[in-house]
Amino acid sequence: MTLAFCVVASLTARSQATPQPQIAAPVPPKPQPAVYRNLVLLDPAHGGADTGAQLPNSVLEKDVTLALAARIRPLLATAGFTLLTTRDTDAELTTDQRAGIANHARPTVCLVIHATSSGTGVHLFTSALDARPTAPRTLPWDTAQAASIPQSLRLVNELGLALDHAKLPLILSRASVRPLDNLTCPAVAIELAPLPNGTSRPFAVTDSAYQQQVAQALAAALISWRTHNPPPPPPASRPILPAAPQAIPPAQPKAAPSAPPPAPAPPTPKGAAK
Ligand SMILES: [Zn+2]
């Protein structure tokens, strides 16, 4: 028997012995939940060249926001939350990038963190947008938070109760600021201000004991929030981004951009931790 015949015979025998591959039935994609109940997004504001406010003793706001987020993270992780942060390094992100990360992840809560040397206590802001009773099929990017206002107001109430319970002074306000207005999750912005202590020198926002006290109160509020608040109704869809480039026909003359730039695709989320 020639070698060639042996090979052909061997291949033929093998192909006869090989069972026909079975075509697996297509598996339907799992429906995505409206929100991930155990996922919390922290957005430490500023970063990189955007230093935020210059605080006393040459401290930069961008470092304080990062420090407070770092204190909140382990407390929530211990309580079984998964944490996602828009940054855990000195990175600079636009507000649209921050909102993009949050809206893509569908967390149960979004906390935007700022710090200031003016005023005292903890300032809590919710969006000043009018509440929209039901989520429409599409959400305009600039007012995406409108559909979540009732939830955000319940959230700020929960946070306020916890801070009050911890005997931390607080101020509640509403303000239309980015990325708060662009978020589709229940969202609150927290601005840490110095803590009065009965002396002419209040505790600074850099005081580690003060930061820890605030972090513990916020964590307690979110644990309570998870227990007492049902998930919101499924959102219609992600917010529509203005001026999507692919929607413009190539032949069309260049139009002056009248809308804010589209939010770029969210970068790989950093700092995901159990
Ligand atoms: Zn700030």
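The values are calculated or read from the model by the stated rules, or taken from the named source; none is laboratory data. Please read all numbers here as calculations on a predicted model, not as lab measurements. Note: ideal-geometry Cβ built from the backbone for every residue, glycine included; neighbour counts use all protein chains shown.
Taking only segment 48-65 into account, find how many residues are touching a residue at least 40 places away in the same chain (Cβ under 8 Å) and more than 20 Å from Asp181 (Cβ to Cβ).
9
Which residue pairs have Cβ atoms closer than 8 Å, lie 6 or more positions apart in sequence or on different chains, and pair a first residue in segment 112-126 that is at positive phi and in contact (Cβ under 8 Å) with a residue 40 or more places away in the chain with a second residue that is in a strand (DSSP E or B) and away from the ligand (no atom under 11 Å from the Cβ)?
Partner pairs satisfying both residue conditions: Gly119/Ile171; Gly121/Leu170; Gly121/Ile171; Gly121/Leu195.
Ala128: in contact with a Lys or Arg (Cβ under 7 Å, 6 or more places away or on another chain), over 30 Å from Asn197 (Cβ atoms) and away from the ligand (no atom under 16 Å from the Cβ), yes or no?
Spelling it out, Ala128 is indeed in contact with a Lys or Arg (Cβ under 7 Å, 6 or more places away or on another chain), over 30 Å from Asn197 (Cβ atoms) and away from the ligand (no atom under 16 Å from the Cβ).
Quick test for you: out of Thr89, Thr95, pick the one residue that is buried (at least 18 other Cβ atoms within 10 Å of the Cβ), within 17 Å of the chain's Cα centre (by Cα) and either of a type in the set (Ser, Thr, Tyr) or within 16 Å of the ligand (Cβ to nearest atom) (or both).
One residue alone meets the criteria, Thr95.
Every residue in segment 161-208 that is touching a residue at least 40 places away in the same chain (Cβ under 8 Å) and assigned to a helix (DSSP H, G or I), please.
Across segment 161-208, the qualifying residues are Leu161, Ala162, Leu163, His165, Leu180, Asp181, Asn182.
Of all residues in segment 66-86 being among the aliphatic types (A, V, I, L, M), assigned to a helix (DSSP H, G or I) and in contact (Cβ under 8 Å) with a residue 60 or more places away in the chain, which is farthest from the ligand (Cβ to nearest atom)?
It comes out as Ala77.
On the basis of being charged (D, E, K, R), modelled with pLDDT of 95 or more, within 21 Å of Val156 (Cα to Cα) and surrounded by 20 or more Cβ atoms within 10 Å (Cβ to Cβ), does Arg73 make the cut?
yes
Spot the failing condition for Glu158; the list is (1) farther than 13 Å from Leu222 by Cβ; (2) charged (D, E, K, R); (3) in a helix (DSSP H, G or I), and only one is missed.
If we test Glu158 against (1) farther than 13 Å from Leu222 by Cβ; (2) charged (D, E, K, R); (3) in a helix (DSSP H, G or I), just (1) comes out false.
Name the single residue that is farthest from Leu195 (Cα to Cα) among those in segment 102-115 being hydrophobic (A, V, I, L, M, F, W, C) and away from the ligand (no atom under 16 Å from the Cβ).
Ala105
Among the hydrophobic types (A, V, I, L, M, F, W, C), farther than 26 Å from Val59 by Cα and within 16 Å of the ligand (Cβ to nearest atom): does that describe Ala187?
It is true that Ala187 is among the hydrophobic types (A, V, I, L, M, F, W, C), farther than 26 Å from Val59 by Cα and within 16 Å of the ligand (Cβ to nearest atom).
Any idea how many residues of segment 44-59 are within 10 Å of the ligand (Cβ to nearest atom) and among the hydrophobic types (A, V, I, L, M, F, W, C)?
Qualifying residue count, segment 44-59: 2.
Name, by its number, the condition in (1) assigned to a loop (DSSP other than H, G, I, E, B); (2) within 16 Å of the ligand (Cβ to nearest atom); (3) surrounded by fewer than 24 Cβ atoms within 10 Å (Cβ to Cβ); (4) at pLDDT 95 or above that does not hold for Ser118.
(4)
Output yes when any residue across segment 145-159 is within 16 Å of the ligand (Cβ to nearest atom) and among the β-branched types (Val, Ile, Thr), and no when none is.
The answer is no; no qualifying residue exists.
Restricting to segment 44-58, name every residue that is among the aliphatic types (A, V, I, L, M) and either in a loop (DSSP other than H, G, I, E, B) or modelled with pLDDT of 95 or more (or both).
Correct list: Ala45, Ala49, Ala53.
Being modelled with pLDDT of 95 or more and surrounded by fewer than 19 Cβ atoms within 10 Å (Cβ to Cβ) is the filter here; which residues of segment 170-183 pass it?
Ile171, Leu172, Ser173, Arg174
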